[in-house]
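Down below is the structure, laid out as structure tokens.
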Amino acid sequence: MGVRCALFGHPVAHSRSPRIYQTFSEQTGQALDFDLVDCTAESFPATLAAFAATPGARGANITLPLKLDAYALCSARSARAEAAGAVNLVRFEGHNWILGDNTDGAGLVRDLHDNLGISITGQRVLVLGAGGAARGILGPIADCGPAALVIANRDSAKADLLAARFSARGIRSAPLARPGSAFDLVINATSASLDNKVPEVAPSALSLDTVAYDLAYSDDGQTAFTRWAAAQGSASVHDGWGMLVEQAAESFEAWFGLRPDTAQARDRPQQ
Ligand code: NDP
């Protein structure tokens with residue numbers, strides 16, 4: 001019987017996860033059927049339970065807007081999922097036991113450090129957004145020892161709540177219109193690029209030395225945010241393709257006990 005895993009969220013049709021898992025599957029010789037399941041918060045609990053009961057079902061990735069719902073559904077969670085209060089990876093352990101983890105931060109840090117050679121240590125970092133992805137990346141970024149870590153969100157109350165959750169890690173919130181100036185690294189963890197929009201952050205947050213990173217990704221590496229940051233003169237701009245691949249590698253390891261090499265999967269689809 002083959003192993004089955006799936007991505008749950010809305011929207012999911014654009015996801016490149018199936019292609020990445022196919023590469024890992026071919027590389028390691030582990031057969032995997034990977035489904036895309038588009039569902040709402042209302043239908044998610046029953047849909048996930050039905051999938052978990054399918055023969056061969058081993059786990060799932062959870063994307064927006066369901067990461068907080070997934071957290072609530074899990075029977076047990078890793079320390080990093082507990083810290084985030086959000087789950088993007090589950091493993092089915094039998095007897096309706098669902099183990100939750102959060103690999104967004106590990107995926108981002110690995111892409112920044114190992115693939116792009118960008119250091120976080122001692123840098124001034126601004127994170128835009130306060131949704132499920134922001135929750136997952138704040139702890140791992142803080143672990144790298146930035147000089148400052150500021151979070152700003154359209155709904156400022158959500159940024160304040162998240163900063164309070166991570167206050168022991170020295171994270172503070174600021175308004176989008178006045179986040180501070182000339183950050184070394186600005187990370188867009190909003191979903192604005194999915195609507196071809198850019199969060200209304202003060203352009204003074206960026207300088208000619210700023211690295212801009214969008215968690216959203218596209219086949220040509222360009223998003224509304226990376227285009228905007230490049231137009232502001234940012235030193236370098238990156239989309240979240242490498243992060244997607246790295247967090248998928250973490251998931252594959254959780255499901256199969258094997259860590260795939262990510263170099264081949266990081267090649268973008270042919271244009
Ligand atoms: P959520 O739905 O949980 O949160 C969305 C966030 O985006 C909120 O903070 C929301 O602000 C903000 N937002 C949405 N539209 C706008 C806008 N027009 N202007 C300003 N802010 C906006 O989504 P996630 O946190 O799960 O995902 C965020 C992004 O990260 C998505 O693009 C997702 O695809 C990407 N992602 C990429 C990964 C990767 O591996 N590359 C992994 C995880 C996520 P408000 O609270 O005010 O509504």
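Data table
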{"quantity": "Full-stretch length increase - residue 202, residue 231 - with 0.36 nm per residue and alpha-carbon distance subtracted", "calculated": "9.1 nm"}
{"quantity": "The range 99-130 residues near the modelled residue 54 label - backbone nitrogen below 20 Å, point 7 Å along Cα→Cβ", "calculated": "99-101"}
{"quantity": "Beta bridges per DSSP with both ends in the chain, % antiparallel, nearest 5", "calculated": "20 percent"}
{"quantity": "The range 178-271 pair-distance distribution - Cα-Cα, 10 Å bins, rounded %", "calculated": "17, 41, 28, 13, 2"}
{"quantity": "Expected 222 nm ellipticity per residue - DSSP helices of 4 or more, -39500 (n - 2.57), all of the chain, to 500", "calculated": "-9500 deg cm²/dmol"}
{"quantity": "Fraction of alpha-carbon pairs over 18 Å apart in the range 51-124 - percent", "calculated": "47 percent"}
{"quantity": "The range 1-127: radius of gyration over Cα atoms, expressed as a fraction of 2.2 N^0.38 Å", "calculated": "1.13"}
{"quantity": "Part-to-part distance (alpha-carbon centres) for the range 122-151 and the range 50-94, which is given in Å", "calculated": "23 Å"}
{"quantity": "Kirkwood estimate for the chain, i.e. one over the average of 1/r between Cα atoms, Å", "calculated": "18.8 Å"}
{"quantity": "Stretchable slack from residue 209 to residue 194, in nm (0.36 nm times residue separation minus alpha-carbon distance)", "calculated": "2.8 nm"}
{"quantity": "Cα-based shape type of the range 100-230, given that a ≥ b ≥ c are square roots of the gyration tensor eigenvalues and the cut on a/c is 1.5", "calculated": "rounded"}
{"quantity": "Unit charges on C-beta of K, R, D, E only; dipole of the chain, Debye", "calculated": "520 debye"}
{"quantity": "Computed lengthening from residue 161 to residue 47, 0.36 nm per intervening residue step minus Cα-Cα distance", "calculated": "38.0 nm"}
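Where a number appears in this text, it was derived from the coordinates with a stated rule and is not lab data. Computed from a predicted structure; not experimentally measured. With ideal geometry, Cβ positions are generated from the backbone for all residues, glycine too; neighbour counts draw on all protein chains shown.
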